[in-house]
Amino acid sequence: MAKFRSHYAGSGGKRGRGKSFLFRTVLYGMVLLYLLYALARFIQKADWKLPGQAEDRVESMGALDSLDFFPAVSTGNQLVIHRHFALSYSEKHEQAEWVAYELTVDELNSARQERFDYFSPDHKITTRSAVHRDYSGSGYTRGHLAPAADMAHDPVAAEECFFMSNISPQEKAFNNGIWRELEEQVRDWARKNRRLYVVTGPVLNQGIRGKIGKNRVSVPSLFYKVLLDYTPPDFKGIAFLLPNERSERKLQEYAYPIDSVEALTGIDFFTKLEASGEMESLENSINLQAWPFSQERFKERVQVWNKQE
């Protein structure tokens, strides 16, 4: 009987150890799978290229199939291409000198992605971009250059537009006021004209108010937005130059020919088209009748948006 008990106890111990080993194996396997998944997500967000992986971003960009409509990159700046927008990053000012993209009626009419709302560094910037905390306590909001609402048709673009490379310091009353009005007006024009090329940025070569944050982000006094309708039969262009402050004036009072903003910023906005001579008539004049403005939105901005704290 003693032998039987001893033998039985030994067998039970082996079975217990077997179950314990199996449990640990399953547990470790699950942990390993989770770590591999987390690593894959990290690489995807960082947008790293694995060995042997081709640089195929241009083909996957959809709305950025042609860079002919976008500016050249200033000396010392870095060209960065994301899913639905491109930008020229200025390390000196820790923000983009321009952000460019194509906006179509199909994109605006597509299903809207949930707003990402998490500002993160842009790992494509080789010199490192500004970070979220550079703006904390500065008194300036994190103003989008490519608006989140323009990127909401694509989940990747919706996330990428919250990279700090697409952000610039803006007065709250400006960001929530006339800048918002212009962004919404641009979407109206894109629906009406079917397709627009948009270039947006801060004026960095003059009027810098100061620096904020550990990374010394420049605070611009002026922002611009340049629009090109290059879809037949009506070719047209318009530019806006807006002070970084609250405004009670109508949006059309800030409208300029494209070449006026080029002269101010030193940027040729549609370089390849200019070289072909196709842009001259579109850049040196504007026809405000071709760009209808919303009087209702202007009233809402003055009466409601401008008064929000």
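The values are calculated or read from the model by the stated rules, or taken from the named source; none is laboratory data. Just so we're clear, the structure is a prediction, and the values are computed from it rather than from any experiment. Cβ: placed from backbone, ideal geometry, glycine included. Neighbour counts: every protein chain shown.
In segment 224-246, of all residues being β-branched (Val, Ile, Thr) and assigned to a strand (DSSP E or B), the one that is farthest from Ile167 (Cα to Cα) corresponds to Ile238.
Take the conditions (1) over 25 Å from Val73 (Cβ atoms); (2) buried (at least 21 other Cβ atoms within 10 Å of the Cβ); Glu184 misses just one of them, which is (2).
For segment 200-221, filtered to residues that are over 19 Å from the mean Cα position of the chain (by Cα) and not in a loop (DSSP other than H, G, I, E, B), the residue that is surrounded by the fewest Cβ atoms within 10 Å (Cβ to Cβ) is Gly210.
May I ask you to verify whether Glu171 is in contact with a Leu (Cβ under 9 Å, 6 or more places away or on another chain) and charged (D, E, K, R)? No, not satisfied.
Within segment 164-176, track down each residue that is surrounded by fewer than 24 Cβ atoms within 10 Å (Cβ to Cβ) and not polar (S, T, N, Q). Glu171, Lys172, Ala173, Phe174, listed by residue number.
Checking each residue in segment 241-280 for being exposed (fewer than 15 other Cβ atoms within 10 Å of the Cβ) and within 29 Å of Gly143 (Cα to Cα) picks out Glu245, Glu248, Arg249, Glu253, Ala263, Gly266. Of all residues in segment 281-309, those that are loosely packed, with under 11 Cβ neighbours inside 10 Å have Cβ atoms under 9 Å from Cβ atoms of residues that are modelled with pLDDT under 95 and outside any loop (DSSP other than H, G, I, E, B), 6 or more apart or on another chain, in Asn287/Lys236. Scanning segment 247-269 turns up no residue that is over 26 Å from the mean Cα position of the chain (by Cα), farther than 30 Å from Ser88 by Cα and assigned to a helix (DSSP H, G or I). Residue count for segment 236-254 under the criterion of being at pLDDT below 95 and touching a Leu at 6+ places or on another chain (Cβ under 6 Å): the result is 1. Taking the conditions (1) within 25 Å of Ile167 (Cβ to Cβ); (2) in contact (Cβ under 8 Å) with a residue 60 or more places away in the chain in turn, Val261 satisfies each one other than (2). A Cβ distance below 7 Å, combined with a sequence gap of six or more or placement on separate chains, defines the contacts here; from segment 129-152, residues that are in the same structural domain as Glu114 (by TED's automatic domain parsing) and of a type in the set (Phe, Trp, Tyr) reach residues that are assigned to a loop (DSSP other than H, G, I, E, B) and at pLDDT 95 or above in the pairs Tyr135/Gly213; Tyr140/Glu171.
Residues of segment 98-153 being among the acidic types (Asp, Glu), assigned to a loop (DSSP other than H, G, I, E, B) and modelled with pLDDT of 95 or more, which ones? Once the filter is applied, which keeps residues that are among the acidic types (Asp, Glu), assigned to a loop (DSSP other than H, G, I, E, B) and modelled with pLDDT of 95 or more, segment 98-153 yields only Asp122.
Report yes if some residue within segment 224-238 is in contact with a His (Cβ under 8 Å, 6 or more places away or on another chain) and surrounded by 21 or more Cβ atoms within 10 Å (Cβ to Cβ); otherwise report no. Among the residues of segment 224-238, not one is in contact with a His (Cβ under 8 Å, 6 or more places away or on another chain) and surrounded by 21 or more Cβ atoms within 10 Å (Cβ to Cβ), which makes the answer no. The residues of segment 94-130 that are buried (at least 16 other Cβ atoms within 10 Å of the Cβ), of a type in the set (D, E, K, R) and closer than 12 Å to Ala149 by Cα amount to a single one, Glu107.
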